[in-house]
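Undergrad: Sending over a structure as structure tokens; questions will come in a sec.
The values are calculated or read from the model by the stated rules, or taken from the named source; none is laboratory data. These numbers come from a predicted model, not from an experiment. No Cβ is skipped: glycine too gets one built from the backbone with ideal geometry, and neighbour counts run over all protein chains shown.
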Amino acid sequence: MKKVMLLLALPTMLIGVLFHPLSPEAAANFSVTTVIPDNQIDKSKTYFDLRMKPGQKQDLEVVLKNDTDKEITVETNANTAVTNDNGIVDYSQTNPKLDKSLKIPFSSIATMEDEVVLPANSSKTIKVAVTMPDTAFDGIILGGLQFIEKEDPDAKKRR
């Protein structure tokens with residue numbers, strides 16, 4: 001009998017990895033915290049590592065916190081994990097070229113808002129809707145949630 005085990009590993013949610021642009025003025029103006037659900041395999045981990053069943057639907061929660069005195073907009077992406085040229089798993093590519101052997105890309109089962117507006121000195125819980133395929137399979141689906149602050153177009157004018 002096949003054992004169905006599915007893990008969604010979203011390593012550290014790519015928190016703070018891809019802030020754009022990278023300059024002395026650029027800093028992490030927000031933080032990201034996962035809300036660990038009951039079906040988390042190892043509750044000591046701060047990234048999602050879940051066991052889900054075929055056809056299961058689940059809303060994952062992530063808290064974005066803006067500690068600045070200005071409103072910011074954050075772009076969000078649910079990225080499929082790929083292997084880079086050095087054989088290292090890469091969670092940062094928004095539209096990677098996927099190998100044809102990949103049956104279930106993470107980006108096809110996870111959806112969330114394209115961007116989130118965070119008022120000054122506030123936090124907001126966003127939901128990531130995950131819908132597992134109806135057919136059972138052996139294996140894992142890897143992906144990452146990416147959060148990037150959109151640059152204020154007026155900031156360049158003020159510099």
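Undergrad: Cβ-Cβ below 8 Å, separation at least six or inter-chain, first residue in region 107-129 and farther than 10 Å from GLU61 by Cα, second outside any strand (DSSP E or B) and of a type in the set (Val, Ile, Thr): which pairs?
TA: ALA120/THR68; ASN121/THR68
Undergrad: Give me the residue from region 59-79 that is in a strand (DSSP E or B) and of a type in the set (D, E, K, R) and, out of that set, surrounded by the most Cβ atoms within 10 Å (Cβ to Cβ).
TA: GLU75
Undergrad: Only one of GLU25, GLU115, GLU71 is at pLDDT below 95, among the acidic types (Asp, Glu) and either in contact with a helix residue (DSSP H, G or I) (Cβ under 8 Å, 6 or more places away or on another chain) or more than 17 Å from ILE140 (Cα to Cα) (or both). Can you tell me which?
TA: GLU25 is the lone residue from the list that is at pLDDT below 95, among the acidic types (Asp, Glu) and either in contact with a helix residue (DSSP H, G or I) (Cβ under 8 Å, 6 or more places away or on another chain) or more than 17 Å from ILE140 (Cα to Cα) (or both).
Undergrad: Something else about it: Could you please find all residues in region 42-58 being touching a residue at least 24 places away in the same chain (Cβ under 8 Å), surrounded by 13 or more Cβ atoms within 10 Å (Cβ to Cβ) and charged (D, E, K, R)?
TA: If the condition is that a residue be touching a residue at least 24 places away in the same chain (Cβ under 8 Å), surrounded by 13 or more Cβ atoms within 10 Å (Cβ to Cβ) and charged (D, E, K, R), then ASP49, ARG51 are the ones that fit.
Undergrad: Applying the selection to region 69-101, what residues are in contact with a strand residue (DSSP E or B) (Cβ under 8 Å, 6 or more places away or on another chain) and of a type in the set (S, T, N, Q)?
TA: Once the filter is applied, which keeps residues that are in contact with a strand residue (DSSP E or B) (Cβ under 8 Å, 6 or more places away or on another chain) and of a type in the set (S, T, N, Q), region 69-101 yields THR73, THR76, ASN77, ASN79, THR80, THR83, ASN84, SER92, GLN93, THR94.
Undergrad: With the condition being not β-branched (Val, Ile, Thr), I'd like the strands (runs of 3 or more DSSP E) fully within region 80-159 carrying at least 3 qualifying residues.
TA: So the answer is 122-131, 141-149.
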